[in-house]
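Following: one structure in structure tokens, then a few remarks.
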Amino acid sequence: MLPIVDKPLIQYAVEEAIDAGVTKLIFITGATKRAIADHFDSDAELERALKRSGKDKILEQIQHIVPKGVTCIYIRQGEPLGLGHAVLCARPAVGDEPFYVHLADDLIDGEPPCLSQMAAEYERHGGSIVAVEPVPKENTSSYGIVAVDPARDNQLLEIVEKPAPEQAPSNLGVVGRYLLDSAIFDKLENIGEGAGGEIQLTDGIAQLLKEQPVHAYAFKGERYDCGSKIGYLKATVAYGLNHRDIGDDFREHLKTLVC
Ligand code: G1P
């Protein structure tokens, strides 16, 4: 729920998903994440108050937090058993369709947005897709790292969760965007604990790629790791500078601070 300028990160995630054509949003939440459901709920009383006081712009904004025709489903992950486990929690709501996984902490400023870029990739070759970007070699232990075959549209040869730099098969790190075949669920049911004692999505994908193609996609855009203090600050500054209403004032202010 951390805001970047004037919207929580989860709102950016939802807008990116809707841009890619998603009509069913599944939120996997933990014990302390009730604010997410509240944020996406409508508030008739607030809407009436805004209408009465003529605040039409804000009224329109809150009425479009979730557009008509989009359904929100909230699933509690009883215990924090890892990303793979969180994805598995979505199984009953996803069924047998391909689906996106979006990690809201990874904010990507892309045009078109990253999930839409991946949807276009899917049209080209189908299968599953993980978004990647080169990461500094010394940081491989913070990412899933892939080895790819450039001759076959960057099909994955290998994926390893958070390897030490000397064990990493490349410097291509997975970022928080995936388009997955529902066959991943059976893999996740059976892999057991991986790195950090958690059920790792990476390990499920490693099983999946033995049976069907998984491609790496080097997205176009700038990623901000909003799970880190510096990434969060960089995102705030970048989105502040680009903001329609306050961008110019903010730029002038920054000039007085840095020179
Ligand atoms: C998760 C995944 C990792 C991926 C990363 C992207 O790690 O396990 O493979 O590279 O997201 O942000 P986390 O950042 O949750 O530790």
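The values are calculated or read from the model by the stated rules, or taken from the named source; none is laboratory data. Please read all numbers here as calculations on a predicted model, not as lab measurements. With ideal geometry, Cβ positions are generated from the backbone for all residues, glycine too; neighbour counts draw on all protein chains shown. All accessible areas refer to the heavy atoms of the entire protein, side chains included, with ligands and DNA or RNA removed. Shrake-Rupley method; radii C 1.70, N 1.55, O 1.52, S 1.80 Å.
A few remarks follow.
- Accessible area of the chain belonging to carbon and sulfur atoms, whole % at 1.4 Å probe: 51 percent
- Segment Leu157-Arg34, extension gain: residue separation times 0.36 nm, minus the distance between their alpha carbons: 40.3 nm
- Helix-only [θ]222 nm of the chain, DSSP H runs n ≥ 4, -39500 (n - 2.57) each, per residue, nearest 500: -10500 deg cm²/dmol
- Proximal charge balance of Ala164 [Cβ under 12 Å; K/R count +1, D/E count -1]: -1
- Seen from a random direction on average, the alpha-carbon convex hull of the chain projects onto 16.4 square nanometres.
- Build a GNM of the chain with springs between Cα atoms under 10 Å apart, and of Gln207, Gln11, Gln63 the one that fluctuates most is Gln63.
- Full-extension gain in nm, Ala195 to Lys220, via 0.36 nm per residue minus C-alpha separation: 6.1 nm
- For the chain, the dipole from Cβ point charges (+1 on Lys and Arg, -1 on Asp and Glu) about the Cα centre works out to 560 debye, to the nearest 20.
- Rg/Rh for the range 1-139, where both radii come from Cα atoms and Rh is the Kirkwood radius: 1.00
- When the surface is traced with a 1.4 Å probe over the full set of protein chains, Lys7 keeps roughly 60 Å² accessible.
- Solvent-accessible surface of the range 1-107, averaged per residue with a 1.4 angstrom probe and all protein chains in place: 60 square angstrom.
- 16 Å reach of a label modelled at Cys72, 7 Å along Cα-to-Cβ, counting backbone N of the range 209-240: none
- Calculated over the range 77-144: convex hull of Cα atoms, volume per residue (Å³): 129 Å³
- Computed on the chain, with alpha-carbon pairs under 8 angstrom and 6+ residues apart, the relative contact order is 22 percent.
- Unit charges at the beta carbon, dipole of the range 86-224: most positive-side option, Gly144, Ala168, Asn190: Ala168
- Full-extension gain in nm, Asp41 to Val258, via 0.36 nm per residue minus C-alpha separation: 74.0 nm
- Neighbours of Val5 by Cβ distance under 13 Å: Lys/Arg scored +1, Asp/Glu scored -1, total -1.
- Counted charge near Asp181, where neighbours are those whose Cβ lies closer than 12 Å (Asp, Glu -1; Lys, Arg +1): -3
- Taking 16 Å as the cut-off, the amide N atoms of the range 164-198 that come nearer than this to a point 7 Å along the Cα-to-beta-carbon line of Ser228 belong to 164-165, 171-176.
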